[in-house]
Structures are given as structure tokens and as C-alpha cells.
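Asks: Below you will find the structure I want to go over with you.
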Amino acid sequence: LTELTSHLTPRACGYVLAGIGSTCDPNVATGFGVAASATVVANAVRAAGQDEVTLLVLGTGKVGAVAGNLLIKTPGFKVLVADTIPGFAKQAVPGAVDVSGQPWHKIPCDVLVPCAGSRMIDAEMAASIPCKAICGSSNLPFADDEAQDITAQRGIVFVPEAISSAGAILADSIEYYNHSAFVSSHRQLLYAYVASLVENKTEEF
């Protein structure tokens, strides 16, 4: 695949956006955005006098691991992690509390950060899931409209993934509209910029 795509550039093909010519990783950009969004939400749902906020990162792959490692550095945040692969979550996010193997939808937390598969939260889970907010990278985290409606009725804050998981598309937009700046900018600068955009949009939401 690398040999087939190595000759492509935005000028050669304006429809291919995948960090070509840059060290910016779209998955990492998404993880930075998720962490920024989850941080805004966590602080919003923090109760008066609450010293520690608990966030459960569900899925510690390329996005979830980045988000988890960023969140765990935030003072006052306790990060729980869960993954379907035994031992993987603990290695992916050192210092986090590994709750893999437990029914994740029964684990109390302030913010659920789903970074795994789609349609994981069904109506039964939505009716009892012990969290105050849901904010992650999973596309379509609810099994159906009923499940989403139930969480809304319970007062659980849900940040649409179009906001929290926008990191990759935001990075792509820089690549598309200003490719020279995209390839010349340090990746950490791009990640910080993406995170700031997602943070601002989450605050507006």
C-alpha cells in the first residue's frame, strides 16, 4: 500500500487526505480533541466541592490511548480504562485504573469516554448507566434513538461525536486548505490547535 500511495500528493490527487508528507497522525489528532472535549465536560459536571472527577475511557486503541494519557495528566482527574484485550488497557495508559473484564456500563464515573465500537449503549444500559456525561470518539455510541432519549431524560450530558471526535477532520482541513503550513508545522503544534478548536466548540455546546 505504501508503494502505491507514496507518489500521491494533494496536488496530484486533491481527494486524498491522510497526513501525507507530515508527521501529524490523524488518530493522535482525534485523541487530543477527545481529551480536550472530555476535560471541558468533566469540569462542567464536577459537583461543588468535588475534588476528584472520574473518567472511564472505554477502548484504548489508537485514539483512546492518546486521550487516556492526556487526561491522566490533568490534576483532579482519576482515569479508569477498559479494553476487550486482557492487559492491553493498563499498558496503553500507565497509571490508570484498569477495569477491563468488568461490566463497564455498571462502573460509576462522572464522564464516560467511549473510544471503541459503535452502538454499544442500548436502552437497558442507558436506563442505569452511572455517569453524568458521555463524550468520546465512538461513532453512533447509542444503539438507537430510544437509548439516546433515555440518557437525555436522565439528565446525562452527551457531546455529539461530531464535536468531540473532530480532530482528524480538522487536521485534514489544514492539510487541504494550506498544505505547505500543514507539512512544515510541528505535529504538536497541530495537535494543540486541533484541541483548542474542539475545546472551544465543546464550551459553546
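The values are calculated or read from the model by the stated rules, or taken from the named source; none is laboratory data. Small disclaimer: the values here were computed from a predicted structure and weren't measured. No Cβ is skipped: glycine too gets one built from the backbone with ideal geometry, and neighbour counts run over all protein chains shown. Note: areas computed on protein heavy atoms with side chains; ligands, DNA, RNA excluded. Shrake-Rupley method; radii C 1.70, N 1.55, O 1.52, S 1.80 Å.
Asks: Examine the stretch 180-203 for a residue that is open to solvent by less than 30 Å² (accessible area, probe 1.4 Å), part of a helix (DSSP H, G or I), at pLDDT 90 or above and of a type outside the set (Val, Ile, Thr), and state whether such a residue exists.
Replies: Yes, there is a match, as at least one residue in the stretch 180-203 is open to solvent by less than 30 Å² (accessible area, probe 1.4 Å), part of a helix (DSSP H, G or I), at pLDDT 90 or above and of a type outside the set (Val, Ile, Thr).
Asks: In the stretch 148-160, which residue that is without any contact (Cβ under 8 Å) to a residue 60 or more places away in the chain and part of a loop (DSSP other than H, G, I, E, B) is most open to solvent (accessible area, probe 1.4 Å)?
Replies: Pass one, the stretch 148-160, residues without any contact (Cβ under 8 Å) to a residue 60 or more places away in the chain: 148-156, 158, 160.
When the remaining residues are screened for being part of a loop (DSSP other than H, G, I, E, B), the result is 154-156, 160.
Values: ARG154: 106, GLY155: 56, ILE156: 16, PRO160: 39 Å².
Looking at the filtered set, the residue picked out is ARG154.
Asks: From the list ILE121, ILE72, ILE85, exactly one residue is of a type in the set (Val, Ile, Thr) and within 22 Å of GLN50 (Cα to Cα). Which is it?
Replies: Values: ILE121 fails: within 22 Å of GLN50 (Cα to Cα); ILE85 fails: within 22 Å of GLN50 (Cα to Cα).
Among ILE121, ILE72, ILE85, only ILE72 is of a type in the set (Val, Ile, Thr) and within 22 Å of GLN50 (Cα to Cα).
Asks: I want to confirm something. Restricting to the stretch 161-179 and keeping residues that are under 28 Å from ALA47 (Cα atoms) and either small (Gly, Ala, Ser) or free of Cβ contacts under 8 Å to residues at least 40 places away in the same chain (or both), which single residue is surrounded by the most Cβ atoms within 10 Å (Cβ to Cβ)?
Replies: SER164
Asks: Ok, one more. Scan the stretch 92-117 for residues that are touching a strand residue (DSSP E or B) at 6+ places or on another chain (Cβ under 9 Å), more than 18 Å from VAL41 (Cα to Cα) and not aromatic (Phe, Trp, Tyr) and report the count.
Replies: Residues flagged as touching a strand residue (DSSP E or B) at 6+ places or on another chain (Cβ under 9 Å), more than 18 Å from VAL41 (Cα to Cα) and not aromatic (Phe, Trp, Tyr) within the stretch 92-117 amount to 13.
Asks: For the structure I just gave you, tell me whether GLY21 is open to solvent by 60 Å² or more (accessible area, probe 1.4 Å), in contact with a helix residue (DSSP H, G or I) (Cβ under 7 Å, 6 or more places away or on another chain) and either modelled with pLDDT of 85 or more or assigned to a loop (DSSP other than H, G, I, E, B) (or both).
Replies: Working: open to solvent by 60 Å² or more (accessible area, probe 1.4 Å): yes; in contact with a helix residue (DSSP H, G or I) (Cβ under 7 Å, 6 or more places away or on another chain): yes; either modelled with pLDDT of 85 or more or assigned to a loop (DSSP other than H, G, I, E, B) (or both): yes.
In short, yes.
Asks: Identify all residues within the stretch 45-72 that are farther than 20 Å from MET120 by Cβ and touching a Ser or Thr at 6+ places or on another chain (Cβ under 9 Å); write none if there are none.
Replies: Residues of the stretch 45-72 farther than 20 Å from MET120 by Cβ: 45-53, 69-70, 72.
Of everything in the stretch 45-72, those that are farther than 20 Å from MET120 by Cβ and touching a Ser or Thr at 6+ places or on another chain (Cβ under 9 Å) turn out to be VAL53, LEU70.
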